[in-house]
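The values are calculated or read from the model by the stated rules, or taken from the named source; none is laboratory data. Small disclaimer: the values here were computed from a predicted structure and weren't measured. Positions of Cβ are generated from backbone atoms using ideal geometry, with glycine treated the same way; all protein chains shown enter the neighbour counts.
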Amino acid sequence: MQFHPTPLKDCFVVTPEVFKDHRGIFVEAYHKKKFKEATNLEIEFVQDNQSVSKKGVLRGLHFQTGDFAQAKLVRVVYGEVLDVVVDLRPHSPTFKKAHKIILNDENQHQLFVPQGFAHGFITLSETSVFSYKCDCFYYPGSESGIIYNDPSLAIDWGFPEEKMILSEKDLKLPTLNELFQ
């Protein structure tokens, strides 16, 4: 496994080793000891989630607050997504900065999303299977988010906005400035 920093503090790309032969591929998607040695972080993942989305589905930008904030290790099992994170930690040098990366079943890259980050993705392939580990259980009373088209973030999702598919809940999320008034 290789660990590469992103422009956002504490957020990094994990590139697992992919073993290919005539039968297909094998990927060691997570190894706790290697993760700790490379990051100096003691993360105890407690929940795995998976979603299946069709082309144009945008999920996000989501996060949990307070004691229920979640760190995540995200990856694409099948298909391709544009994955986006935003640093929401007020004392971070990268506060209110966004980063995006293509995750797909070809590059096998994963993204570690620290606690205090908003996270979202849009499916670019016909279908995607998106999987992620969380270090805190989901708690509905703690969920929050930022609207995907927040003008202060100016995120280029790489997909025509008129063809995006969002939940009613995600369409009603506040802007970054509304959250930090």
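Within segment 83-91, can one find any residue that is under 25 Å from residue 28 (Cβ atoms) and buried (at least 19 other Cβ atoms within 10 Å of the Cβ)? Checked against the condition, which is being under 25 Å from residue 28 (Cβ atoms) and buried (at least 19 other Cβ atoms within 10 Å of the Cβ), segment 83-91 yields at least one hit. Working only within segment 40-95, note down all residues that are without any contact (Cβ under 8 Å) to a residue 12 or more places away in the chain and out of contact with any helix residue (DSSP H, G or I) (no Cβ under 8 Å at 6 or more places or on another chain). 40, 91, 95 - these are the residues of segment 40-95 that are without any contact (Cβ under 8 Å) to a residue 12 or more places away in the chain and out of contact with any helix residue (DSSP H, G or I) (no Cβ under 8 Å at 6 or more places or on another chain).
Condition check ((1) without any contact (Cβ under 8 Å) to a residue 40 or more places away in the chain; (2) closer than 21 Å to residue 13 by Cα) across all residues:
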{"position": "108", "(1), (2)": "no, yes"}
{"position": "119", "(1), (2)": "no, yes"}
{"position": "140", "(1), (2)": "yes, no"}
{"position": "148", "(1), (2)": "no, no"}
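From the list 77, 84, the lone residue that is over 16 Å from residue 120 (Cβ atoms) and part of a strand (DSSP E or B) is 77.
When the residues of segment 11-22 are filtered to those that are modelled with pLDDT of 95 or more and part of a loop (DSSP other than H, G, I, E, B), the one that is surrounded by the most Cβ atoms within 10 Å (Cβ to Cβ) is 11. Do we find a residue being out of contact with any Gly (no Cβ under 7 Å at 6 or more places or on another chain), modelled with pLDDT of 95 or more and part of a helix (DSSP H, G or I) anywhere in segment 147-167? Among the residues of segment 147-167, at least one is out of contact with any Gly (no Cβ under 7 Å at 6 or more places or on another chain), modelled with pLDDT of 95 or more and part of a helix (DSSP H, G or I), which makes the answer yes.
Please go through segment 12-54 and pick out each residue that is in contact with a Ser or Thr (Cβ under 8 Å, 6 or more places away or on another chain) and farther than 17 Å from residue 105 by Cβ. Answer for segment 12-54, where residues must be in contact with a Ser or Thr (Cβ under 8 Å, 6 or more places away or on another chain) and farther than 17 Å from residue 105 by Cβ: 12, 48, 49.
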